[in-house]
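First comes the structure, then the notes that go with it.
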Amino acid sequence: MRYFLEVLPFALIVTALFELFRYLWLKKRGRRRRTLSRELSLGLFSCYLAGLFGLVCTPANTWSYLFYFLRHGQSGGELAPLFSGEFNLIPTIFKYISGEYTSDGWVWSMLLGNVVMYLPMGFLAMWVLPRATYLKAIALGFNISLVTELFQPIVGRSFDTDDLILNGIGVVVGAALYLLFRKLFPKINLLKNESDG
């Protein structure tokens with residue numbers, strides 16, 4: 001929760017810039033912005049993506065370091081050095097079976113956190129993107145997860161096979177929740193068929 005709150009200002013600034021550039025881009029082309037709810041849904045998706053990239057594509061402790069510096073005028077620790085990341089290609093389930101890992105609270109919170117972090121990706125992709133299907137939303141989420149995982153060793157984090165698997169599960173569950181929501185509440189307009197065209 002602390003990490004989410006630390007990255008939130010960055011995500012909100014990116015969202016505000018996205019909305020400004022979108023407004024100017026549409027105005028230049030003589031197009032009107034869609035409904036307020038459409039703009040809010042696009043803003044929510046951009047806020048989520050900015051927050052996601054802010055969390056996973058910056059060196060560890062970046063936001064804690066920044067906020068400590070802004071509050072106290074001095075560094076409160078060190079950032080992870082660039083290009084010092086690791087590659088974990090063996091899923092935790094195999095390490096758990098071999099006895100290398102135990103199922104303590106940290107492992108379970110890490111596993112659950114990776115699922116929850118990408119759950120909005122599946123739901124929002126189905127909601128916001130006009131031609132998104134279930135499989136396209138899953139492919140989008142998996143590709144974004146793969147790109148961020150490949151980028152993480154550059155910023156001193158680690159490429160982790162577990163993250164790919166768990167993020168993918170999160171996307172699948174999120175997209176399924178969207179389909180369930182549409183089935184339970186078919187009269188609620190989630191702007192699925194509305195495009196920017």
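The values are calculated or read from the model by the stated rules, or taken from the named source; none is laboratory data. On a predicted model such as this, the values are computed, not experimentally measured, just so you know. Here the Cβ positions follow ideal geometry from the backbone for every residue, glycine too, while neighbour counts run over all protein chains shown. In case anyone asks, the SASA skips ligands and DNA or RNA and just uses the protein heavy atoms, side chains included. Shrake-Rupley method; radii C 1.70, N 1.55, O 1.52, S 1.80 Å.
Whats the longest run of the chain with zero trypsin sites (Lys or Arg not before Pro) that are DSSP loop and have at most 16 other Cβ atoms within 10 Å? In the chain, the maximal stretch lacking such sites is 35-130.
Highest GNM mean-square fluctuation, the chain, Cα pairs closer than 10 Å: which of GLY30, GLY174, GLY122? Largest GNM mean-square fluctuation: GLY30. Comparing VAL56, VAL171, VAL115 in a Gaussian network model of the chain, where Cα atoms under 10 Å apart are tied by springs, the biggest mean-square fluctuation is seen for VAL56. Shape analysis of the chain places it in the oblate category; the axes a ≥ b ≥ c from the Cα gyration tensor give an a/c of at least 1.5, with a/b not above b/c.
Residue by residue, the stretch 109-122 carries 3J(HN,Hα) couplings of 5, 5, 5, 5, x, 5, 5, 5, 4, 9, 4, x, 4, x Hz when phi is fed to the Karplus relation 6.51 cos²θ - 1.76 cosθ + 1.60 (θ = phi - 60°); x denotes Gly or Pro.
The modelled label-to-label distance for the pair LEU179/LEU20, using points 7 Å beyond Cα in the direction of Cβ, is 4.1 nm. Restricting attention to the chain, lysine pairs at least eight places apart or on different chains and with alpha-carbon atoms under 29 angstrom apart total 6.
Counted without the sites themselves, the longest stretch of the chain free of GluC sites (Glu not before Pro) in a DSSP loop having at most 10 other beta carbon atoms within 10 Å is 101-197. Once both axes come from the Cα atoms, what is the angle between helix 134-151 and the longest principal axis of the chain, in degrees from 0 to 90, rounded to 10? Taking Cα atoms only, the helix is inclined about 40 degrees. Accessible area per residue for the chain, computed on protein heavy atoms with a 1.4 Å probe, is 62 Å².
In the complete set of protein chains, residue-level accessible area for VAL172 is approximately 60 Å², probe 1.4 angstrom. The modelled label-to-label distance for the pair ARG29/PHE87, using points 7 Å beyond Cα in the direction of Cβ, is 4.0 nm. Surface composition of the chain: carbon and sulfur make up 70 percent of the accessible area, probe 1.4 Å. May I ask for the angle, rounded to the nearest 10°, between helix 2-28 and the longest principal axis of the chain, with both axes built from Cα atoms and the value confined to 0 to 90°? Between helix and principal axis, roughly 30 degrees.
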